[in-house]
Structures are given as C-alpha cells and as structure tokens.
Amino acid sequence: MTGDEFQKKYAAVVPRRDITTDEGLKAAAIIVEQAAKEGVEYAIAGGIAMHIFGYLRATHDVDLLASKMLDLPYEEKLSFGGVSHHIPVGERKIIVDVIVRDDLYRNYYEAALRDAYWTKDGWRVVSPEWMVILKYMAARSKDLLDLLWMLRQPGLVNRDKVAKLFEEILGELGADAALKGLEQYYVQAEIMKSGDENGRQER
C-alpha cells in the first residue's frame, strides 16, 4: 500500500473518544426522563453498568434496555431491535442505544429488564447475574473480559441464581448445556482471582 492509498483509506477514520461515567449518566438521564413521562421501563446495561459495578473500562456509548420504543427522534435503528439517540452533553454528543430486542434473544432481555436493580443513587441497572448471562451470550472479546471481571469480584455474582435464570428461559436441559459452557469462565475467573490475590500478597 502506497502512502497516498493509505491516506485515502484512512482519511475518514476518526477515533471515538471514551466517555466517563458522569457523561454517560448525564446522557442516560435525558432518555430516562422521557421514559418516565411515557411510562416506559428502563435499565442501564453495557459499559456504564460495568462502571456502576466498579469496573471503569473504556466505553464509547450508553446502553439502555427498554420495555418499548420512546417517542423521540433517533439517528439510526439497531439491527437487533431498538434505536440510537445522539444526546448532547456539554460540547459533545453521546450515543445512547435504547435496546428493545426483537430477535431470538428477546426473552433474555425482557427478563433482564424485569429483574433490574435500583441503585442508591436512583438508577435502574441490569443485575450482575443477568449481565453475566448477556455477556456470555454476546461473547465478544470485551464482553468476555467484563464477564471474567464480574466473576472475580467477591459477592457480586450469585452463581446459583445464574443457573436458575438460565433454567427459567431454557428449561432444565437447555440450562444444563449453557452452564457447561459457562463453567470454563468460572474456572478461568478462579485462576485469575488466585493470581490477583497472590500478586497483592507479594507486594
């Protein structure tokens, strides 16, 4: 590839800037206010939910599960159900994906929304157990890193509850198959947790 070809190929590439927890919640608040007016249930998921759990990893947008679409203009539709809004926060615009799944995973997302927790700050957030399930099914590299982080945190994820939630959606046989796949991440998380503890002791 020549220098000219490189410039043409990458001329339009603009790196996306990470958002802070505060920026994400400010953008979410605008959507949540509209949801309250319309009687629409919501729950924070994705990277901002991970921030709330205590894992401040990079994220570029806000994910909100919702019980139905909102009466708001949007920039684009999501292929799996829902839309993207660009919400002004300070001098920038934050992408807020309002997710209303209409595909094979709809039952999972509806149940995750149903079981969402309220934080002491008044935010409704997908529970750690449902986050584990959703991250496991998504299986992208960032999702699996989130999954392993959650499984390493003392008292964050109730594994028996994860099993019951899988059984609720998949039945006993389907849950057994899903949990066998998830077991490898339980084992890996325990190995990583042991390494974390050994590293702290050596210091």
*Give the residue, chosen from 159, 124, 140, that is charged (D, E, K, R), touching a strand residue (DSSP E or B) at 6+ places or on another chain (Cβ under 8 Å), surrounded by fewer than 19 Cβ atoms within 10 Å (Cβ to Cβ) and closer than 30 Å to residue 62 by Cβ.*
124
*In this structure, does residue 179 turn out to be surrounded by fewer than 13 Cβ atoms within 10 Å (Cβ to Cβ), hydrophobic (A, V, I, L, M, F, W, C) and more than 13 Å from the chain's Cα centre (by Cα)?*
no
*Filtered residue count, region 1-39, keeping only those that are acidic (Asp, Glu) and at pLDDT 95 or above*: 4
*Within region 143-163, count every residue that is on the phi < 0 side of the Ramachandran plot and either assigned to a loop (DSSP other than H, G, I, E, B) or modelled with pLDDT under 95 (or both).*
5
*If we scan region 60-75, do we find a residue that is surrounded by 15 or more Cβ atoms within 10 Å (Cβ to Cβ), among the aromatic types (Phe, Trp, Tyr) and in contact with a Phe, Trp or Tyr (Cβ under 9 Å, 6 or more places away or on another chain)?*
no
*Evaluate the following for residue 89: is it over 28 Å from residue 189 (Cα atoms), touching a Leu at 6+ places or on another chain (Cβ under 9 Å) and surrounded by 14 or more Cβ atoms within 10 Å (Cβ to Cβ)?*
no
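The values are calculated or read from the model by the stated rules, or taken from the named source; none is laboratory data. None of the values given here were measured: they were computed from a predicted structure. When we count neighbours, we look across all protein chains shown, and the Cβ atoms used for this are built from the backbone with ideal geometry, even at glycine.
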